[in-house]
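For reference, the structure is listed below as structure tokens.
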Amino acid sequence: MFGFEDMLHSEFTELPFKIMFYVIVFLFGICIGSFLNVVIYRLPKGESILGFGGTKEDKEKASHCMTCGAKIRPIDLIPVFSWLMLRGKCHSCSAKISPRYPIVESLNGILYVLTFYALDINVKSIITCVLMSLLIVVAFMDWDTMEISMIIVGIIFVLAVPLALFHSPEYEDVTLKSRIIGALIISVPFFIIGEVSRPVIRKKFGEDFRAIELGDTFLMFAAGAVLGTQAIIVSTFFGIFAAAVGGLIIKKVTKDSKFAFGPFLSIGIAIGALWGPQLAQMYLNLLPHE
């Protein structure tokens, strides 16, 4: 797929180049992660993301400490490192700065490195990095608001277009047929489960919600179109497994059985994007053969 023929995986590529490449990728990733923090915070509120169209009050809030009103200095905006240098506190009033900011930034950088490590240097890796960033936004926004942005889901779906256009048989890329099946194979059962569960939940608990919400369904539709059949099935398995474990922990801590499904599905999709076909093949090899 218009790559560099397994440059990072080649025994002829020198180690210093690999280290330098991964360091640059990580630094670029945390810079993008800083922007993701803005998206996660502002998109649910309907505020300006790129600095255009927002109210004067919104812009002032974005450039000042929320506790003391001190102006945020340029040096305070360095991803991850500023938070570490400030020890997680405002330079003026020492109010705590949420550790979520460096977590999101670092997570994005790590996922970028993992993407190039798993897929090497090619167009698919670049598009997958975009997917990883979008999954971070989905996960944290859903955790905060219990809603998945259809704007972000729509962008994820659009990623399937360049992947389909750059299809290259010698790289064993996902076919158009696999993308179509992938978009439907999980999203349709999710939709049916949601429709069937809604009246049951309303009757039993008196609340109007679905066991699997439409946002989760659309997310798997878009991700299936991007990843294809095998990878989206792997994604679903790991997503549901993560949700089962996470749900038990959340219920034990909060005593509430209702939780956001999107973050766990995002974990599964990330795994499927990096290692989906390989994991699927490993499972198939374990099955008895005649």
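Below are the figures for this structure:
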{"read-out": "Structure-derived Rg/Rh (Cα atoms, Kirkwood Rh): which label, when the choices are (i) 1.00; (ii) 1.29; (iii) 0.94", "value": "(i)"}
{"read-out": "Nearest-20 debye value, the chain charge dipole, Cβ charges on Lys, Arg, Asp, Glu", "value": "1340 debye"}
{"read-out": "Pairs from Lys71/Lys96; Lys203/Lys251; Lys45/Lys204; Lys45/Lys71; Lys96/Lys251; Lys18/Lys124 whose Cα-Cα separation, in the structure shown, is over 26 Å", "value": "Lys45/Lys204; Lys96/Lys251"}
{"read-out": "Packing-based exposure ordering (other Cβ within 10 Å, fewest first) of Met141, Met220", "value": "Met141, Met220"}
{"read-out": "GNM flexibility winner over the chain from Lys251, Lys124, Lys203 (Cα, springs under 10 Å)", "value": "Lys203"}
{"read-out": "For the range 185-245 and the range 64-85, distance of Cα centres in Å", "value": "39 Å"}
{"read-out": "By average C-beta atoms within 10 angstrom, highest first, the peptides 282-288, 132-138, 145-151, 36-42", "value": "132-138, 36-42, 145-151, 282-288"}
{"read-out": "Relative contact order for the chain, counting Cα pairs under 8 Å that sit 6 or more residues apart, in percent", "value": "18 percent"}
{"read-out": "Simple spin-label estimate for Gln281 and Thr175 in nanometres, 7 Å along Cα-Cβ", "value": "1.7 nm"}
{"read-out": "Residue-averaged 222 nm ellipticity for the chain, from DSSP H runs of 4+ at -39500 (n - 2.57), nearest 500", "value": "-22000 deg cm²/dmol"}
{"read-out": "Span-rule helices in the chain, defined as complete DSSP H runs reaching 18 Å or more along the axis (Cα) with Kyte mean at least 0.5", "value": "15-42, 100-119, 123-145, 214-227, 229-254, 262-286"}
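Since every read-out is calculated from the coordinates, none of them should be taken as a lab result. All values derive from a computational prediction rather than experimental measurement. Cβ coordinates were reconstructed from backbone atoms using ideal geometry, including for glycine residues, and neighbour counts include every protein chain displayed.
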